[in-house]
2 protein chains.
Amino acid sequence: MPQPPFSSSPKIDVLISEVGPRDGLQSIATTMPTMNKMRWLDALAAAGLREIEVASFVPAKLMPQMADAAEVTKHACTLPGVTVMALVPNLRGANAALQAGAQKLTLPVSASTAHSLANVRRTREQMIDDVRSISQLRQDIAPSARIEAGISTAFGCTLQGVVNEDDVIRTAVLCANAGADEVGLSDTVGYANPAQVRRLFRRLRMELGPRAGAAHMHNTRGLGLANCLAAYEEGVTTFDSSQGGLGGCPFAPGASGNVVTEDLVFMFEAMGVSTGIDIALLREARAALQAGLPGEPLYGMVHEAGLPKGFIQSMDFLSKEA
Amino acid sequence: MPQPPFSSSPKIDVLISEVGPRDGLQSIATTMPTMNKMRWLDALAAAGLREIEVASFVPAKLMPQMADAAEVTKHACTLPGVTVMALVPNLRGANAALQAGAQKLTLPVSASTAHSLANVRRTREQMIDDVRSISQLRQDIAPSARIEAGISTAFGCTLQGVVNEDDVIRTAVLCANAGADEVGLSDTVGYANPAQVRRLFRRLRMELGPRAGAAHMHNTRGLGLANCLAAYEEGVTTFDSSQGGLGGCPFAPGASGNVVTEDLVFMFEAMGVSTGIDIALLREARAALQAGLPGEPLYGMVHEAGLPKGFIQSMDFLSKEA
């Protein structure tokens, strides 16, 4: 009798989607050597990460850090139990990502027109057209691949300030109608607060049901984990974060941009919410990251402070080993 | 017709209890000059803080930073609209604090015997006896003063690890029975998680009703604001924090021990939960703090990143001025 894929994986309550290899590495000037990227991905997979955004399929001229996107994606596809995700800014990128074997594409669609023009030089409407053409491409060449739209600046924008909540939800619905399998909300600039997170994800789930996607929160103003908690309590089960807080435009010394994977995993595991991630092995993945970027500052409160005395991870496969 | 005290103050939803002048200043080696302490307190009051823990009444030999506790307390009592709070470790300290005019006393009672012996060289039972004798003293010499017991290590202890939740609640109830007007829970070492915070404050409120007191959370593992959010959602309305994250045993560079007042106020105000605190004036208070402790590292993500573009504080008195 055929087994469903990854049937041996223990059940998890939330999916932590590691974005460091894409969002993190594209944010810093240094380019991590391909071999180190692969070792880091191996270590992340070994720690139990089940979804990793491994690369961005953009022109190497614009982003030399991602010149090896296809090679890295192909390697990631050899890792058992990992959904290999790639960011694609347009149809050309989507084609390259699917050719390389990416199992899930994520396309950023900004709720703020000002941000959309500044970020990708295209209007929101043009980006939604891209979702449609990418969905068509997927039908044609890789029907099992999934497509996510991430609504950026969903909680505010450094250019236009407040972003109308109706606009955010309308954009999300248009993306779903254009063929996105799931639509997440991104706090691109760290403006979100827990009340707003609850409101928007509640509306998103009302509109899209199971196609309501991930919470991508930033920790720019210290509210990253509080916002993830609020999203979790509204039923969100997928959370983006990056190891060591790499990327996501940190403003301040000691301040991370992206929510730190280690801290997020600790929060959920301490609450008894299973992530499937082994915190001790996650620490080893951090060493692999640091080996590929010597001297690059990494963040994380749990990494610095250590685990509480007597802390026991409530993981099925850990207890099986014990 | 007589007016209730501070009737001109706008209504607030949560009370931020600033502990920096006590918890912060006693944690660092440098002693802030008395004049600077007074200026900082003035600035905190001007920013809208309504409860400030201004000093610890301990022997100056043990804690020279607090040698001017009586003088500082007397000055704080001249500030309109501020409840002047003092930490007292025993009956002798309580007497001195009440003589100086303190309007509220806080007594730490550890849920962990190991911590209690290490911290104050007394058992939990002896500390509860102190609550009783201090309550009696209050009846005799300052009947309008209030007494708070703060249950330290309520969420875990670096010495004994896990602290039994029944023990925490039992200790809180014993403190209330011994005469404490309110009993708060303190995450002394930064072990708390939001699920635990919800459980314990829910039980505390079930047992003590309106005598359930403040949440004193630390940010050692990055969960400070998430834990405050969880407590708020369980009905807690008083939150301890310290300006610039001063004190509370920070472990790491860039890591605060105590929850940072600026970040906490920002979270609540962004959610539309009124604190009565003017964030711009709070920034000026930070300058007064820094002036009294040149070179001392201060923390705070909102201070570094700034307020979101278009951010408007939902404060009664601000809108009146507009």
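All of the numbers you see were taken from the coordinates with simple rules; none came from a lab. Source: prediction; values computed, not measured. Here the Cβ positions follow ideal geometry from the backbone for every residue, glycine too, while neighbour counts run over all protein chains shown.
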* Structure fact -> Phi-derived 3J(HN,Hα) across the range B:279-285 with the Karplus relation (6.51, -1.76, 1.60, θ = phi - 60°), rounded Hz, x for Gly and Pro, is 4, 5, 6, 4, 4, 5, 4
* Structure fact -> Expressed as a whole number, the average count of other chain Cβ atoms within 10 Å around the Cβ atoms of A:192-204 is 3
* Taking the label point as lying 7 angstrom from Cα along the Cα-to-Cβ axis, what are the distances from A:Leu62 to the corresponding position in the remaining copies, in ascending order and in nanometres? -> 6.4
* Can you give the % of DSSP beta bridges in the protein assembly as shown that are antiparallel, to the nearest 5? -> 5
* Structure fact -> Any residue on another chain or 5+ positions along whose placed amide H is under 5 Å from the amide H of B:Ile147 is listed here as B:Leu105, B:Asp181, B:Glu182
* Over the alpha-carbon set of the range A:15-321, work out the extent along each principal axis and list the three values in angstrom, largest first. => 51, 41, 38
* Work out from phi, with θ = phi - 60° and the Karplus expression 6.51 cos²θ - 1.76 cosθ + 1.60, the ³J(HN,Hα) of each residue of the range A:286-301, listed in order in whole Hz, and give x for Gly and Pro. => 4, 5, 5, 4, 5, 4, x, 9, x, x, 5, x, 10, 10, x, 6
* Where the label is 7 Å out from Cα toward Cβ, how close does B:Gly306 come to the same position in every other copy, in nm, shortest first? -> 4.0
* Structure fact -> Most exposed first, judged by fewest Cβ atoms within 10 angstrom, B:Lys104, A:Lys61 run A:Lys61, B:Lys104
* To do: Would you mind getting the Kirkwood hydrodynamic radius of the protein assembly as shown from its Cα pairs, rounded to one decimal in Å?
  => 25.8
* Whole-Å distance, taken between Cα centres, linking the range B:64-80 and the range A:154-181 -> 52
* **Ranked A:Leu307, B:Leu49, criterion: other C-beta atoms within 10 Å, fewest first** => A:Leu307, B:Leu49
* Structure fact -> Restricting to lysines and to Cα separations under 17 Å from A:Lys11, and discarding same-chain partners fewer than 8 apart, the set is A:Lys320
* To do: Compute the label-point distances linking B:Ile28 to its equivalents in the other copies; points lie 7 Å from Cα along Cα→Cβ; give nm, one decimal, shortest first.
  => 3.0
* Structure fact -> Expected vector for the range A:140-151, Karplus 3J(HN,Hα) from phi with 6.51, -1.76, 1.60 and θ = phi - 60°, integer Hz, x for Gly and Pro, equals 6, 10, 8, x, 8, 6, 10, 10, 10, 9, x, 7
* Sorted by average packing, counted as other Cβ atoms within 10 angstrom per residue and highest first, what order do A:160-170, B:264-274 take? -> B:264-274, A:160-170
* Please give the calculated 222 nm ellipticity per residue for the protein assembly as shown, where each DSSP H segment of at least 4 residues contributes -39500 (n - 2.57) and the sum is spread over every residue; nearest 500 deg cm²/dmol? => -12500 deg cm²/dmol
* Calculated on alpha-carbon atoms, Rg and Dmax of the range A:199-307 in Å -> 14.6, 45
* To do: Report, by chain and number, residues whose modeled amide H sits under 5 Å from the one on B:Gly156, excluding near sequence neighbours (fewer than 5 apart, same chain).
  => B:Val163
* How high is the relative contact order of chain A, in percent, counting Cα pairs under 8 Å that sit 6 or more residues apart? -> 20
* Once amide H atoms are placed 1.01 Å from N in the peptide plane, what residues at a sequence separation of 5 or more from B:Leu15, or on another chain, have their amide H within under 5 Å of its amide H? -> B:Thr238, B:Phe239
* Take the alpha-carbon centre of the range B:198-244, take the same for the range B:85-143, and report the distance between them in whole Å. => 21
